[in-house]
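The values are calculated or read from the model by the stated rules, or taken from the named source; none is laboratory data. Since this is a predicted model, take the numbers as computed values, not measurements. Note that each Cβ is placed from the backbone with ideal geometry, even for glycine, and that neighbours are counted across all protein chains shown.
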Amino acid sequence: MSGSAGSATGPVDGPVTGLDELSVTGIECFAHHGVFEHEKRTGQTFVIDLVLGVDTRRAAASDDLRDTVDYGSLTAAVKAAVERDPVDLIETLATRIAGTCLLQDGVEWARVTVHKPDAPIDATFTDVTLTITRTRKDLT
């Protein structure tokens, strides 16, 4: 990359802000999302990966869970968001998950990947994924 150190960019438009990345990957959920009736009826496994922009400096200094994102409760909230009300598209599901993450104190941006390994495709494949990135300003 050319230019000064200040020209680096992060996962969202604009300069790197000093935020750290917290990842929780491989969250398995069973839900009834999909365009086809049989997907909604029988359900399938979805796997969720999260990367969150957080400032961990205060937590590192205090060594106190109250000063950071509690990824245990966040994971439970994401799992509940996936497993409730069926939607047709993984785009809608990913947006719902990102909103859940951004409602957590301390999360400034969220990169969400939804894996749909059992998608109804008439071909041999490993996985279907969609990755979105949303920021707090996207909530308004």
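Considering only residues in region 97-119 that are surrounded by 12 or more Cβ atoms within 10 Å (Cβ to Cβ) and charged (D, E, K, R), the one that is nearest to E83 (Cα to Cα) turns out to be K116. Of all the listed residues (G53, G106), the sole one being modelled with pLDDT under 95, in contact with a strand residue (DSSP E or B) (Cβ under 7 Å, 6 or more places away or on another chain) and of a type outside the set (S, T, N, Q) is G106. Looking at G10, G3, G34, can you tell me which residue is at positive phi and either modelled with pLDDT of 60 or more or surrounded by 10 or more Cβ atoms within 10 Å (Cβ to Cβ) (or both)? Going through G10, G3, G34 in turn, the sole match is G34. Might you check whether a residue that is aromatic (F, W, Y) and surrounded by 14 or more Cβ atoms within 10 Å (Cβ to Cβ) occurs anywhere in region 120-137? No: zero hits.
All of D118, D122, D88, D64 fail the test of being over 15 Å from the mean Cα position of the chain (by Cα) and touching a residue at least 60 places away in the same chain (Cβ under 8 Å), apart from D118. Being loosely packed, with under 11 Cβ neighbours inside 10 Å, modelled with pLDDT of 95 or more and not hydrophobic (A, V, I, L, M, F, W, C) holds for only one residue in G72, G43, and it is G72.
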